[in-house]
Amino acid sequence: MPERAERNSSGGPAGRGLSSSVAGARDVPDQIVSSHVLVRANPEMIVACLEWAGSVLLSMNIRSPKPADYKVFWPEFPSDPNEAYGYTNERLRIATPRATDIELMENIFTWLSLIDNVVARRIVCIRSLVTPVNERYVYHWSKIAILLHMDRRGVKRLHNLGIQDLSNKLTLVSVQQIVSEITS
């Protein structure tokens with residue numbers, strides 16, 4: 001469990017998504033999968049993995065896709081000793097994710113290409129963005145509905161259809177492999 005605490009400080013969602021689904025994934029015994037029968041993936045596990053990937057994406061702290069301006073690499077230091085011990089208005093940032101986390105995030109986001117409906121794909125992608133600091137959704141249902149000129153119930157329905165489409169196309173073994181890599 002201490003590894004999980006370190007994991008949360010590096011940018012993974014702790015409370016809502018992945019921890020509850022991962023606990024459910026550990027309760028599931030190893031599936032006996034023959035070459036003829038493929039077990040569908042659990043939609044809750046898929047949503048938890050997508051939310052984890054969204055929080056890793058937001059914790060990368062990318063300011064702009066354009067090249068950065070020139071800067072000095074010498075660290076800035078406070079000239080006043082009162083500012084040296086946390087008496088400034090600087091906001092806390094989440095730690096930058098590891099390279100393995102970024103690679104897993106990219107693998108999880110490739111799942112979105114399996115969704116046939118383009119609007120459902122956009123909704124699932126937008127809804128997967130979760131802030132790494134307080135684990136809240138960046139875009140709520142009503143905000144997504146405004147962006148897409150739809151009703152929020154229709155947005156929820158399309159999100160569920162996209163997740164069902166993913167769960168039909170992904171196997172339980174592949175999702176459990178990603179979940180085990182996330183939790184290790």
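Read-outs: derived from the displayed coordinates by stated rules, not from any lab. Owing to the predicted nature of the structure, the values given are computational and were not obtained by experimental measurement. Don't worry about glycine lacking a Cβ; one is built from the backbone with ideal geometry, like all the others, and counts go over all protein chains shown.
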| query | Going by how many other beta carbons lie within 10 Å of each one, how would you line up W74, W111, fewest first? | reply | W74, W111
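Please give the contour-minus-distance gain from L114 to N168: 0.36 nm per residue of separation, less the Cα-Cα distance, rounded to one decimal in nm.
18.5 nm
Using a Förster radius of 22 Å, what is the FRET efficiency between F73 and R93 based on their Cβ-Cβ separation? Nearest 0.05, please.
Numbers: r = 18 Å, r/R0 = 0.83.
Once the sixth-power term is evaluated, E becomes 0.75.
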| task | For a quick protection proxy, order the peptides 45-58, 152-165 by their average other-Cβ count within 10 Å, most packed first. | result | 45-58, 152-165
| said: What lysines does K143 reach when the alpha-carbon gap must be under 26 Å and sequence neighbours fewer than 8 apart in one chain are set aside? | reply: K156
